[in-house]
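Trainee: Take this structure first; my questions come after.
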Amino acid sequence: MRKRMSPIVLLSLSLLGVGCSDDENTASTQPADETNGDVETTTSTTINNCTLSTPLRIGYAADLGSLGAPSDQPGSEAAQVMIDKINEAGGVGGLPVEYVVKDIEGDPAAVQLAAQELLDDGVNALIGPRFASTGTPLLDTVDGQAPVIFMASTDPALADPSRGAFLGGFTDPVQSSAMAEWTLSQGRLTAITFSSSDDRYFSSNTEYFTTVFEEGGGTVLADYPYSLADNDFSTQVNEIAALSETPDVLFTAMEMPQMEVLLEQLDTADLGAIKVLGLDGLDATVLWTAGDTANGVYFATHTFPLETNGVAQFLADTQDAGVDSRTISFRAIAADAVQILAAAATQACSVAAADLIATIDGLQNLPVTTGTVTYAGTGGVPESDVVILSIAFGVPTFVTAFRPSNIPS
């Protein structure tokens, strides 16, 4: 059965400190970057004496009720909190930042309509949805008429500075590679994967993991297909139980609530000793709400409250504003996206699309909520560390943060 942790261990864990995972983990990889600015500086965008005649108007094309809702719902709320903080500090260029949200309903046709409506409404900067299925038609519609930051997306195909498109954090090849390298560093050399062809997030990540894991000396014994509509994985679990050797780990991009079902069925089949590894979607869908079932799961994500960043303070700010802050990364990187757009408008002293895009593409070491961000020379994808967390007695805890050395192209 999956290893359970005692209440004594739980008392030692905190979102504001650096916790440990279970006793099998040595957290031997390199530490997170500690060059971040303090909390206060991350709100300010007063870099020069810019005075704007037209306000920065940010639009969020958000998937509020479909596949992207676990990231876009909290992200759209957190963006409002950061905009309010900036406006309380004087706004951008002497004017309050304006903000409008359009629900794209997870529909490629709806996102095109929403994008055009936002542009017609005078939006001069956009935050885009999480998945490429909706992000690509949005980018095709906007096509350089405003910068787009895909706050929650990890799909490298959406990053294109020549079209004004940037990601808010690392890509799928980076996070999957980090999980593969970290797993090998723990001496776990056999794996199985679960993949879904319903969106390339759920399939390409297993391919990246497999490539790096096997190039590093590991063996992937099998891949098990599933659908995003599935609510039973007993067939796959029975096949795993019949393998000639029990794998050390199971890697998947699966999210909640499917992950909870899979974990329960693994436990029932006495396969709870397999370490389950996931990705940032488990942060978006709040894996730790599964309770004891989720204990011992490891997953990659974008950030975590540490003394070296402003995440804890911003999560407190969202709670003060009446916004649920259980989802950690996707509120913090939404704040980052707003800060990036505000800083670009201030540095360029302009809200013209070409000026904003060029300025974002040249940003270096800009203080934001999660630390600092650089776009200069990155092709629209900031080279951020991957944070690995584990679930210990229902609480997400910090394991390590690093950038992998082998990243598939």
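The values are calculated or read from the model by the stated rules, or taken from the named source; none is laboratory data. What you see is a predicted model, and the numbers here were worked out from it, not measured in a lab. Neighbour counts run over all protein chains shown; Cβ positions are idealised from the backbone, glycine included.
Trainee: Within region 93-109, can one find any residue that is farther than 16 Å from THR327 by Cα, out of contact with any Phe, Trp or Tyr (no Cβ under 9 Å at 6 or more places or on another chain) and in a helix (DSSP H, G or I)? So that I can check it myself, show each step before the final result.
Mentor: As a first pass, look at region 93-109 and keep what is farther than 16 Å from THR327 by Cα: 93-109.
Still in the running and out of contact with any Phe, Trp or Tyr (no Cβ under 9 Å at 6 or more places or on another chain): 93-98, 103-105, 107-109.
If we keep only those that are in a helix (DSSP H, G or I) as well, we get 108-109.
Yes: region 93-109 contains one or more residues that are farther than 16 Å from THR327 by Cα, out of contact with any Phe, Trp or Tyr (no Cβ under 9 Å at 6 or more places or on another chain) and in a helix (DSSP H, G or I).
Trainee: Going residue by residue through region 119-134, is there one that turns out to be of a type in the set (Gly, Ala, Ser), under 28 Å from THR206 (Cα atoms) and buried (at least 24 other Cβ atoms within 10 Å of the Cβ)? I'd like the intermediate steps shown before the answer.
Mentor: Initially, region 119-134 is screened for residues of a type in the set (Gly, Ala, Ser), giving 122, 125, 128, 132-133.
With the extra rule that they be under 28 Å from THR206 (Cα atoms), the set shrinks to 128, 132-133.
Next, from what is left, pick out any that are buried (at least 24 other Cβ atoms within 10 Å of the Cβ): 128.
Checked region 119-134: at least one residue is of a type in the set (Gly, Ala, Ser), under 28 Å from THR206 (Cα atoms) and buried (at least 24 other Cβ atoms within 10 Å of the Cβ).
Trainee: Is it fair to say LEU95 is over 28 Å from GLU383 (Cα atoms) and modelled with pLDDT of 95 or more?
Mentor: Values: over 28 Å from GLU383 (Cα atoms): yes; modelled with pLDDT of 95 or more: yes.
Criteria met by LEU95.
Trainee: I've got another one for you. For PHE314, state whether it is outside any loop (DSSP other than H, G, I, E, B), crowded, with 24+ Cβ neighbours inside 10 Å, at pLDDT 95 or above and aromatic (Phe, Trp, Tyr).
Mentor: Values: outside any loop (DSSP other than H, G, I, E, B): yes; crowded, with 24+ Cβ neighbours inside 10 Å: yes; at pLDDT 95 or above: yes; aromatic (Phe, Trp, Tyr): yes.
So PHE314 passes the test.
Trainee: Also: Let me spell it out: the conditions are (1) over 15 Å from ALA178 (Cβ atoms); (2) at pLDDT below 95; (3) crowded, with 23+ Cβ neighbours inside 10 Å, and SER384 meets all of them except one. Which number is the exception?
Mentor: It is condition (1) that SER384 fails.
Trainee: Next question, about the same structure. If you check ASP320, ASP385, ASP336, which single one turns out to be farther than 26 Å from LEU95 by Cβ, out of contact with any helix residue (DSSP H, G or I) (no Cβ under 7 Å at 6 or more places or on another chain) and among the acidic types (Asp, Glu)? Steps first, please.
Mentor: Working: ASP320 fails: farther than 26 Å from LEU95 by Cβ; ASP336 fails: farther than 26 Å from LEU95 by Cβ.
Within the list ASP320, ASP385, ASP336, the selection yields ASP385.
Trainee: Another one. Do you know which residues across region 87-135 are over 19 Å from THR346 (Cβ atoms), touching a residue at least 60 places away in the same chain (Cβ under 8 Å) and of a type in the set (Val, Ile, Thr)?
Mentor: Across region 87-135, the qualifying residue is only THR134.
Residue-by-condition table, conditions (1) touching a residue at least 40 places away in the same chain (Cβ under 8 Å); (2) within 16 Å of LYS275 (Cα to Cα); (3) assigned by TED's automatic domain parsing to the domain that holds LEU266; (4) among the hydrophobic types (A, V, I, L, M, F, W, C):
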{"site": "GLU181", "(1), (2), (3), (4)": "yes, yes, yes, no"}
{"site": "SER196", "(1), (2), (3), (4)": "yes, no, yes, no"}
{"site": "SER204", "(1), (2), (3), (4)": "no, no, yes, no"}
{"site": "TYR208", "(1), (2), (3), (4)": "yes, no, yes, no"}
{"site": "GLY216", "(1), (2), (3), (4)": "yes, no, yes, no"}
{"site": "THR235", "(1), (2), (3), (4)": "no, no, yes, no"}
{"site": "ILE240", "(1), (2), (3), (4)": "yes, yes, yes, yes"}
{"site": "GLU245", "(1), (2), (3), (4)": "yes, yes, yes, no"}
{"site": "MET254", "(1), (2), (3), (4)": "yes, yes, yes, yes"}
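Trainee: Working carefully through the options ARG326, ARG403, ARG331, find the one that is surrounded by 19 or more Cβ atoms within 10 Å (Cβ to Cβ) and of a type in the set (D, E, K, R).
Mentor: Details: ARG326 fails: surrounded by 19 or more Cβ atoms within 10 Å (Cβ to Cβ); ARG403 fails: surrounded by 19 or more Cβ atoms within 10 Å (Cβ to Cβ).
None of the other options fit; the residue is ARG331.
Trainee: So which residues in region 355-381 are of a type in the set (Ser, Thr, Tyr), buried (at least 23 other Cβ atoms within 10 Å of the Cβ) and touching a Pro at 6+ places or on another chain (Cβ under 8 Å), if there are any at all? Reasoning before the result, please.
Mentor: First pass over region 355-381, keeping only residues of a type in the set (Ser, Thr, Tyr): 359, 369-370, 372, 374-375, 378.
Right, trim to buried (at least 23 other Cβ atoms within 10 Å of the Cβ) and you get 369-370, 375.
Selection gives TYR375 alone.
Trainee: Go through (1) outside the structural domain of ASN124 (by TED's automatic domain parsing); (2) part of a loop (DSSP other than H, G, I, E, B); (3) buried (at least 19 other Cβ atoms within 10 Å of the Cβ) for PHE398 and report which single condition fails.
Mentor: Unmet condition: (2).
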